[in-house]
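Quick notes on the structure that follows.
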Amino acid sequence: MVHLIWSPEAAAARAAGAPLVALESTIITHGMPYPDNLTTARAAEDEVRAAGATPATIAVLDGELHVGLEAAQLDRLARLPGPMKLSRADLAVALATGASGGTTVAATMIAAALAGIDVFATGGIGGVHLGAAHSWDVSADLHELAQTRVTVVCAGPKAILDLPKTLEVLETLGVPVIAYGQDALPAFWAPASPFAAPLRMDGAGMIAAAHRARADLGLPGGQLICNPVPARDGIAYTKLAALIGTAADDAAKAGIAAKDVTPYLLSHLNTATAGRTLAANTALIRNNARLAAAIACAL
Ligand code: PSU
Ligand code: MN
């Protein structure tokens, strides 16, 4: 098995059998500009600690897969020039070539499962992109949710995606999509989308019980918990929809494709909203870290 580099903090929690929460790092390397990426990553870790669990930020540094980063390593990751965006397809190449980069939802799930961590918090998952009928752009995150047994807490699929198609693919793959505390599917910066979530749960204990029940049933794959961004930090879906259409058209015209699409759209929208999407992104990742910690404690 691959050698994992555990941070002292995460290793101590593991030795004590204390609850751990994995955190992703593409949001640090590709999702936010410096220094917001660093302050947000630190804040997410602090939320996990304040809720009684231990954070383990996952990343690859110099070809080594880290479970938990020390302060200097997190700082280095946040400033890396030209970091790789590591999804399922890239992880082994990065390890073999000594590269450094942030792990996507898919790659973070793989690392969490290897480390024996059941719960993982992120901002938003990837999904089926607008225009996918032509571009075939469907995130590897969806297939990972179907095969790797980790409960992922997000704020819903990113509003830059085709939400109904994303829900259809998740249904086909047998991934439970569970809205937390409401019926509507949250859409990342927007607390609610016009689409109903397939499932709803109102407590961390129930989510933990369902995580165990899936394992008891012998089912592979995880659960997707969609936790709405707090209302005061969110942006109404209708406001976002117009901006997103324009951003997606611009991306297509500029020839942006594959891995570059999501980072392009995120930075485009941040400019178009004068920083409101970035502020919402920070608030929602902290909110997800808190819920993930509660689920980890319940497990
Ligand atoms: N959420 C954010 N910022 C991000 C991402 C999620 O707030 O940068 C990342 C996640 O790591 C997710 C990835 O797995 O974007 C999806 O990329 P793609 O659509 O290329 O699969
Ligand atoms: Mn893609």
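Here, each number is a calculation from the coordinates, and none is a lab measurement. Please read these numbers as outputs of a predicted model, since none were measured by experiment. Cβ coordinates were reconstructed from backbone atoms using ideal geometry, including for glycine residues, and neighbour counts include every protein chain displayed.
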Filtered residue count, the range 234-268, keeping only those that are aliphatic (A, V, I, L, M) and closer than 14 Å to His129 by Cβ: 11
Output the number of the condition that Ala111 fails; it satisfies all remaining conditions of (1) closer than 27 Å to Asp216 by Cα; (2) surrounded by fewer than 23 Cβ atoms within 10 Å (Cβ to Cβ). (2)
Would you tally the residues in the range 118-145 being within 14 Å of ligand 2 (Cβ to nearest atom) and either of a type in the set (Phe, Trp, Tyr) or part of a strand (DSSP E or B) (or both)? 4
Ala159 is checked against (1) in a loop (DSSP other than H, G, I, E, B); (2) under 24 Å from Ala296 (Cα atoms); (3) within 16 Å of ligand 2 (Cβ to nearest atom) and fails just one. What number does that condition carry? (2)
Among the residues of the range 232-242, how many are in a helix (DSSP H, G or I) and either touching a strand residue (DSSP E or B) at 6+ places or on another chain (Cβ under 6 Å) or buried (at least 18 other Cβ atoms within 10 Å of the Cβ) (or both)? 2
Please go through (1) surrounded by fewer than 22 Cβ atoms within 10 Å (Cβ to Cβ); (2) on the phi < 0 side of the Ramachandran plot for Gly174 and return the number of the only condition it doesn't satisfy. (2)
How about the range 49-117: which helices (runs of 4 or more DSSP H) wholly inside it have at least 3 residues that are on the phi < 0 side of the Ramachandran plot and touching a strand residue (DSSP E or B) at 6+ places or on another chain (Cβ under 6 Å)? 105-115
Given the criteria touching a Lys or Arg at 6+ places or on another chain (Cβ under 9 Å) and either farther than 18 Å from Pro164 by Cβ or more than 16 Å from ligand 2 (Cβ to nearest atom) (or both), does Gly203 qualify? no
Answer from Thr271, Thr238, Thr277, Thr282 - the residue that is under 18 Å from Trp189 (Cβ atoms) and in contact with a Phe, Trp or Tyr (Cβ under 9 Å, 6 or more places away or on another chain): Thr277
Identify all residues within the range 246-289 that are within 16 Å of ligand 1 (Cβ to nearest atom) and among the basic types (Lys, Arg); write none if there are none. Lys259, Arg276, Arg286
Can you tell me which residues in the range 250-299 are more than 24 Å from Leu23 (Cα to Cα) and β-branched (Val, Ile, Thr)? Ile256, Thr271, Thr273
With under 24 Å from Tyr264 (Cα atoms) and touching a residue at least 12 places away in the same chain (Cβ under 8 Å) as the only criterion, which of Ala44, Ala22 stands out? Ala44
Single match in Ala292, Ala252 (criterion: within 18 Å of the chain's Cα centre (by Cα) and either surrounded by fewer than 22 Cβ atoms within 10 Å (Cβ to Cβ) or aliphatic (A, V, I, L, M) (or both)): Ala292
